[in-house]
């Protein structure tokens, strides 16, 4: 059995929110709009007039904090109290995950509006749970993906470049995380389909990611930008939406979850933690140095963390590495598909090796800049 979960409709175009009323009205006439404070400031000037024109009533409900089970229950209670028949989520991953879970709890359709291109949360049939301290608290698989995804590319292009880089990092991870499971589970059509989808996303990012990231301050909606944001939202979302019940090891995401238990990392974004987790996985795989250096350089060029210090960890690096490694948990039996060992000692060593490589990259980049400045001064 294979289950594929995907939104009924995905729309991506500039200034989409201004003309979104009829699409939303087809799902409900009385909406609870959940969003972060910044997200609501960004979307309401365009979205609310569109809802008014389409005859959709709305109740604004700001959100700030963590997507916990308790918060989901509280917002579900609000939805029932005001008797809405539609949930709209606007913002980053935590808000969208909250909106999806509330909709499922209340038995209502849901519209997701990503305001930053940082994750695939707008698409996925999954809510990532945290506790009130910001530590990972597991995953809540949802019965279905959102009914409607509104990806306003003008809104996404205006987001800070850091969120774009985080989304690229989170999407780069998908192929590397899924493909290493093939050697022990090649008979899984769902896994092979996920790997093929992740490969398409990887090809798009290899062609466009650096250019799009470097041009992001211009806030231009280029064909490359559209392809990259579609890879982040659609392809990365689809990778995790094809399932047959088999288990696989998600090392980078597992390391992300462990990193959230270190308070020093709480200012790092999801995609930033996952990117360092991927650098650690590459060390576990014992990739050839030239390939490892090329891949790590890509992360560094995207200003993604390649050292523990860049994640916010200032203390004893060996102690931090041991703590992170100890906190890595994989689903039972998942490591059987891998051709390399994943145990606390190996992971600790890989984290330290990743950190050392990152320090070398930073030092060599700084030296290169000094050389350029020196040669310019000499002329």
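Summary of computed values
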quantity	calculated
Alpha carbon centroid spacing (whole Å) that separates region 248-270 from region 99-121	22 Å
Virtual spin-label span in nm between residue 331 and residue 11, 7 Å along Cα→Cβ	3.4 nm
Evaluated over region 20-88, the Cα radius of gyration and Dmax, each in Å	12.3, 35
Max mean-square fluctuation residue, GNM over the chain, Cα-Cα springs under 10 Å, options 171, 348, 38	38
nm² value of the averaged projected area, convex hull over the Cα atoms of region 7-157	7.6 nm²
Helix 37-54 vs. the chain, principal-axis angle (Cα, 0 to 90°, nearest 10)	30 degrees
With Cα atoms, 0 to 90° folded angle of helix 270-285 axis to the chain main axis	40 degrees
For 120, 67, order by how many other beta-carbon atoms lie within 10 Å, fewest first	67, 120
Sites residue 291 and residue 74, calculated FRET efficiency, Cβ-Cβ separation with R0 35 Å, nearest 0.05	0.15
Under the Debye formula (equal points on every Cα, no solvent term), log10 I(q)/I(0) of region 97-138 at q = 0.31 Å⁻¹	-1.11
Crossing angle, helix 289-301 versus the chain [Cα axis fit, 0-90 degrees, rounded to tens]	40 degrees
Cα-only Debye scattering, the chain: base-10 log of I(q)/I(0) at q = 0.07, 0.09, 0.14 Å⁻¹	-0.31, -0.52, -1.20
Region 161-367, Cα convex hull volume normalised per residue, Å³	115 Å³
Projected label distance in nm at residue 215 and residue 346, using a 7 Å step from Cα toward the beta-carbon	4.2 nm
Stretch gain in nm, segment residue 139-residue 26, where the contour uses 0.36 nm per residue and the Cα spacing is subtracted	37.7 nm
Spatial separation of Cα centroids for region 30-72 and region 309-370, in angstrom	39 Å
For region 7-157, share of DSSP beta bridges that run antiparallel, in % to the nearest 5	15 percent
Candidates 287, 326, 309, ranked by Gaussian network fluctuation over the chain, Cα under 10 Å, top entry	287
Region 161-367 - percent relative contact order, Cα under 8 Å, separation 6 or more	27 percent
Residues residue 54 and residue 364, FRET efficiency given R0 of 45 Å [Cβ-Cβ distance, rounded to 0.05]	0.20
Coarse-grained scattering of region 246-379 at q = 0.19 Å⁻¹, given as base-10 log I(q)/I(0) from a Debye sum over alpha-carbon atoms	-1.05
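Only the coordinates and a few stated rules stand behind these numbers; no lab work does. All figures in this text were calculated on a predicted structure; none of them were measured in a lab. Cβ coordinates were reconstructed from backbone atoms using ideal geometry, including for glycine residues, and neighbour counts include every protein chain displayed.
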